[in-house]
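The values are calculated or read from the model by the stated rules, or taken from the named source; none is laboratory data. It should be emphasised that the depicted structure is a prediction, and the values quoted were computed from it without experimental measurement. Please note: Cβ atoms are built from the backbone with ideal geometry, for glycine as well, and neighbour counts cover all protein chains shown.
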Amino acid sequence: MSKATDFINNKCYQLGNPIEPLIFKADALEAVNIASKEIEERAVKVYRQLCPCYQNGKCKHYPHNQKQGSQICDIECDRISHLKKQLACISTDK
């Protein structure tokens, strides 16, 4: 189960009808927030796997490696940062 589903299951309460549990609006909005963050995390993970500089678990982007000092992918390069900004724009447009 996802974190959002777990959150909803924990916050729901039954008021007479066990088939249709209730949840407060604030809790429902928090669950949507949690789900949105999970989707963004998965998008970044998939994008990293498709990045042309990411090979065999290492970052091959030379300028970023020089700045960072190693070849370990820290998900803070220009490509990933741009993706995160675009995802933030999409989530705020709603």
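Looking only at residues of segment 47-58 that are within 16 Å of the chain's Cα centre (by Cα) and surrounded by 11 or more Cβ atoms within 10 Å (Cβ to Cβ), we find that the one that is modelled with the highest pLDDT is Tyr47.
Which number in (1) assigned to a helix (DSSP H, G or I); (2) surrounded by fewer than 16 Cβ atoms within 10 Å (Cβ to Cβ); (3) out of contact with any Ser or Thr (no Cβ under 8 Å at 6 or more places or on another chain); (4) at pLDDT below 85 marks the one condition that Asn17 misses? Evaluating Asn17 over (1) assigned to a helix (DSSP H, G or I); (2) surrounded by fewer than 16 Cβ atoms within 10 Å (Cβ to Cβ); (3) out of contact with any Ser or Thr (no Cβ under 8 Å at 6 or more places or on another chain); (4) at pLDDT below 85 leaves (1) as the failure.
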